[in-house]
Amino acid sequence: MTLVLVLAAGLLAAAAGLLLVRLTIGPTILDRSVALDVIVAVTVSATGLYVAHSGTTYALPMLVVLAGCGMVGAVSVARYASRSDDIEAGDRDESSTGGAR
């Protein structure tokens, strides 16, 4: 059982390291948002692994809060990105028609 926990923790640490690289170099805000969302998922998984190893349950509410924050953050960034595309498209439409609709 200990070997499985150590292996899972190592894989989660490797995933977090690769995600930090992606968060740092990811060329667009959407790449960074996805990396941050997956880092939250890795954190939730690592916390679940800790709970499974130690048998304590005081960290379980933290899992719910982290999952909720990850979802709200991803949806917020997606809405922001979709609206900024709409604004840029509207600017192009107005400049091509001379501002008249």
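Points worth noting:
- Per-region count, region 13-39, residues touching a residue at least 24 places away in the same chain (Cβ under 8 Å), of a type in the set (A, V, I, L, M) and open to solvent by less than 40 Å² (accessible area, probe 1.4 Å): 2
- Tallying residues that are within 22 Å of Val6 (Cα to Cα), open to solvent by less than 80 Å² (accessible area, probe 1.4 Å) and not hydrophobic (A, V, I, L, M, F, W, C) within region 54-71 yields 3.
The values are calculated or read from the model by the stated rules, or taken from the named source; none is laboratory data. Owing to the predicted nature of the structure, the values given are computational and were not obtained by experimental measurement. Heads up, the Cβs are rebuilt from the backbone with ideal geometry, glycines too, and the neighbour counts pull from every protein chain shown. The accessibility values were calculated without ligands, DNA or RNA, using every heavy atom of the protein model including side chains. Shrake-Rupley method; radii C 1.70, N 1.55, O 1.52, S 1.80 Å.
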